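First comes the structure, then the notes that go with it.
The values are calculated or read from the model by the stated rules, or taken from the named source; none is laboratory data. Just so it is clear, the structure is predicted and the values come from calculations on it, not from any experiment. Quick reminder, even Gly has a Cβ in these numbers, built from the backbone with ideal geometry, and neighbours come from all protein chains shown. Each accessible area value is taken on the protein alone, full model and side chains, heavy atoms only, with ligands, DNA and RNA left out. Shrake-Rupley method; radii C 1.70, N 1.55, O 1.52, S 1.80 Å.
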Amino acid sequence: QVQLVESGGGLVQAGGSLRLSCAASGGSFSRYVMGWFRQAPGKEREFVALIGWGGSSTYYADSVKGRFTISRDNAKNMVFLQMNSLKPEDTAVYYCAADLSSFAIQTGPSEYDYWGQGTQVTVSS
């Protein structure tokens, strides 16, 4: 029912910035909690950030607080992740995800119902 497509990944040097986008189709986007996750080679998929229905509620992993900002544009069915002060340890495939039935903060991948294909972010030293 819901399709998510990420874009905006690429290669950037340490200290630089990237802005990831996620376009959603199907369903009622404004009713979904949207999240960003990432997965590096040999590691588990981990939570990065989430944003609530109206965009006023956000939550971030400790590793990205103060550097990353999640936002959404419900009129365009899109969610964004602005990544500043990037570090080599931020290198990973970044995934957009949608949670259709949250009643509380959900940071576990298993709580999300739909996933995009991912976009590669590589931060060089």
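Per-structure values
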| read-out | value |
| --- | --- |
| Flag for G55 being small (G, A, S) and open to solvent by 60 Å² or more (accessible area, probe 1.4 Å) | no |
| Test: residue in the stretch 2-20 that is farther than 17 Å from S85 by Cβ, touching a residue at least 40 places away in the same chain (Cβ under 8 Å) and basic (K, R) | no |
| Close pairs from the stretch 89-108: first more than 22 Å from K43 (Cα to Cα), partner open to solvent by 40 Å² or more (accessible area, probe 1.4 Å) and not in a loop (DSSP other than H, G, I, E, B), Cβ under 7 Å, at least 6 apart | D99/E111; I105/Y59 |
| G26 vs. criteria open to solvent by less than 20 Å² (accessible area, probe 1.4 Å), at pLDDT below 95 and farther than 26 Å from V12 by Cβ | no |
| Hits in the stretch 22-61 - residues which are of a type in the set (A, V, I, L, M) and over 13 Å from A75 (Cα atoms) | V33, M34, A40, V48, A49, L50, I51, A61 |
| Filtered residue count, the stretch 9-47, keeping only those that are among the β-branched types (V, I, T) and within 15 Å of G116 (Cα to Cα) | 1 |
| Which listed residue is in a strand (DSSP E or B) and under 18 Å from V5 (Cβ atoms), from Y59, Y94 | Y94 |
| Check on E89, among the charged types (D, E, K, R) and modelled with pLDDT of 95 or more | yes |
| Flag for G66 being loosely packed, with under 13 Cβ neighbours inside 10 Å and at pLDDT 95 or above | yes |
| Residues that are part of a strand (DSSP E or B) and buried (at least 21 other Cβ atoms within 10 Å of the Cβ), drawn from the stretch 29-50 | V33, M34, G35, W36, F37, R38, F47, V48, A49, L50 |
| Residues of the stretch 69-106 satisfying the condition of being open to solvent by 60 Å² or more (accessible area, probe 1.4 Å) and either of a type in the set (F, W, Y) or closer than 13 Å to V48 by Cβ (or both) | T69, E89, F103 |
